[in-house]
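Enquirer: I have a structure I would like to understand better, so I am pasting it below and will then ask my questions one at a time.
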Amino acid sequence: MTAPALAHATEFGRMYSRSLTEAPAVPSITTVIAQGSTSLDGWHSYMAANAAVKHPGLPLAIGNSSQLRTIVQEASRASERYRDAAAERGTRVHYYCEQVALRALDQPHQVTEARSALAEHGEHQFADRFDEWWQLYQVEPVAAEITIWNHELGYAGTLDLVAKIGGRLCLIDYKTKNTDRDGQVKPLDDKVVMQLVAGMKAEESLVDAAAGTWEPWVYGQSPVLLGVAVGQTEVRPMRANPEVLPQHWYKFCALRRLWQTSYDAAAAGRALLPIAPPPVQAAGSHAVPAGQPASN
């Protein structure tokens, strides 16, 4: 996997470098897209309230302020625990998907180990459904986890898969999704279109991370852009509508400019400076208007 080698977590979000020895230079595609994120305050509040109400110790804590404070503190971290668990699950699912592609490419892989990791967490259904989708759509992988770079706008990222399906070249991004009450995988967010079109607009792809070797991007000529929702009950691929790609690309460009503005503002220095009170004047003295000499 080349992405972790060149991707770095920084105070300005996830950033990429050109080689293992160079400093981070441009933001990741997901960092750029995150500039347009909406507030999640309502969701955080709901998660905290729900965790407090369902806490097994709540009945015994009624009337005990100390125990109630403990429950509130635990509940306040509910959204963080959920987010972290979802991220870890997503990493396991993505890793399995990558290993399946590597196996099909006759490259070294760890399909067995990746499936075992899912099974250990009760998540083997993700692998089962993914295998069914892979066979049903007759996926022919071309490259897995390929890191790309765009110099003109200034960003980088890693595409989950480049493959041929039904004779068409496809750029694919996997999204691990929960299942709704009807047993269907939850829908993809439209932001995946920005992610895919940014990948399509790449100018280079990574050859060797240690040497910092790149080559011209050869998979950006009118590919099919697929967001693939991977769930425990089904895998649902969704094609980006070709007619809306320009608008989503313009939106991505605007968010990239927003990231740069925020970066420049933070790098310019402290935005707020302390100020001391004016000096105390001696009794009987008068303030002198600016620009006038003091009288003797």
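The values are calculated or read from the model by the stated rules, or taken from the named source; none is laboratory data. If you're wondering where the values come from, they're calculated on a predicted model, not measured in any experiment. Virtual Cβ from ideal backbone geometry, glycine too; neighbours counted across all protein chains shown. The protein model used for the area step is the full one, side chains on, heavy atoms only, and it has no ligands, DNA or RNA in it. Shrake-Rupley method; radii C 1.70, N 1.55, O 1.52, S 1.80 Å.
Enquirer: Restricted to region 107-144, and to residues that are assigned to a helix (DSSP H, G or I) and open to solvent by less than 20 Å² (accessible area, probe 1.4 Å), which residue is farthest from Gln184 (Cα to Cα)?
Expert: Step one: of region 107-144, the residues assigned to a helix (DSSP H, G or I) are 111-120, 124-136.
Filter once more, keeping what is open to solvent by less than 20 Å² (accessible area, probe 1.4 Å): 111, 114, 118, 126-127, 130, 133.
On the way: Val111: 26, Ala114: 24, Leu118: 20, Phe126: 13, Ala127: 16, Phe130: 14, Trp133: 15 Å.
Of everything passing the filter in region 107-144, Val111 is farthest from Gln184 (Cα to Cα).
Enquirer: Let me ask something additional. If a residue must be surrounded by fewer than 19 Cβ atoms within 10 Å (Cβ to Cβ), part of a strand (DSSP E or B) and at pLDDT below 95, how many such residues does region 170-207 contain?
Expert: 1
Enquirer: Right, something else. Looking at Tyr219 and the list (1) at pLDDT below 95; (2) under 23 Å from the mean Cα position of the chain (by Cα), which single condition is not satisfied?
Expert: (1)
Enquirer: Among Glu215, Glu204, which is the only one that is touching a Phe, Trp or Tyr at 6+ places or on another chain (Cβ under 7 Å) and not β-branched (Val, Ile, Thr)?
Expert: Working: Glu215 fails: touching a Phe, Trp or Tyr at 6+ places or on another chain (Cβ under 7 Å).
Only one candidate qualifies: Glu204.
Enquirer: Is it the case that Ile148 is open to solvent by less than 20 Å² (accessible area, probe 1.4 Å), touching a Gly at 6+ places or on another chain (Cβ under 8 Å) and at pLDDT below 95? Step through it out loud before you land on a result.
Expert: Values: open to solvent by less than 20 Å² (accessible area, probe 1.4 Å): yes; touching a Gly at 6+ places or on another chain (Cβ under 8 Å): yes; at pLDDT below 95: no.
Spelling it out, it is not the case that Ile148 is open to solvent by less than 20 Å² (accessible area, probe 1.4 Å), touching a Gly at 6+ places or on another chain (Cβ under 8 Å) and at pLDDT below 95.
Enquirer: Here is a follow-up. What are the residues in region 81-106 that are within 11 Å of Thr176 (Cβ to Cβ), surrounded by 14 or more Cβ atoms within 10 Å (Cβ to Cβ) and among the hydrophobic types (A, V, I, L, M, F, W, C), if any?
Expert: Val93, Cys97
For (1) out of contact with any helix residue (DSSP H, G or I) (no Cβ under 6 Å at 6 or more places or on another chain); (2) modelled with pLDDT of 95 or more; (3) outside any helix (DSSP H, G or I), each residue gets a yes or a no:
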{"site": "His248", "(1), (2), (3)": "no, yes, no"}
{"site": "Leu258", "(1), (2), (3)": "yes, yes, no"}
{"site": "Gly269", "(1), (2), (3)": "yes, no, yes"}
{"site": "Ala282", "(1), (2), (3)": "yes, no, yes"}
{"site": "Ala290", "(1), (2), (3)": "yes, no, yes"}
{"site": "Ser295", "(1), (2), (3)": "yes, no, yes"}
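Enquirer: Every residue in region 198-239 that is over 16 Å from His151 (Cα atoms), of a type in the set (A, V, I, L, M, F, W, C) and touching a Gly at 6+ places or on another chain (Cβ under 7 Å), please. If you could, list the steps in order and put the result at the bottom.
Expert: Applying the first criterion (over 16 Å from His151 (Cα atoms)) to region 198-239 yields 207-211, 219, 221-239.
With of a type in the set (A, V, I, L, M, F, W, C) added as a condition, the list becomes 207, 209-211, 224-226, 228-230, 235, 238.
Hit for region 198-239 is Met238, nothing else.
Enquirer: Scan region 210-225 for residues that are open to solvent by 20 Å² or more (accessible area, probe 1.4 Å) and either closer than 30 Å to Asp128 by Cβ or among the hydrophobic types (A, V, I, L, M, F, W, C) (or both) and jot them down.
Expert: Correct list: Ala210, Ala211, Trp214, Trp217, Val218, Tyr219.
Enquirer: In region 226-246, how many are more than 18 Å from the chain's Cα centre (by Cα) and part of a strand (DSSP E or B)? Quick ask: steps written out before the conclusion?
Expert: Keep residues of region 226-246 that are more than 18 Å from the chain's Cα centre (by Cα), which gives 231-246.
Keeping just the survivors that are part of a strand (DSSP E or B) gives 235-239.
Looking only at that region, the number is 5.
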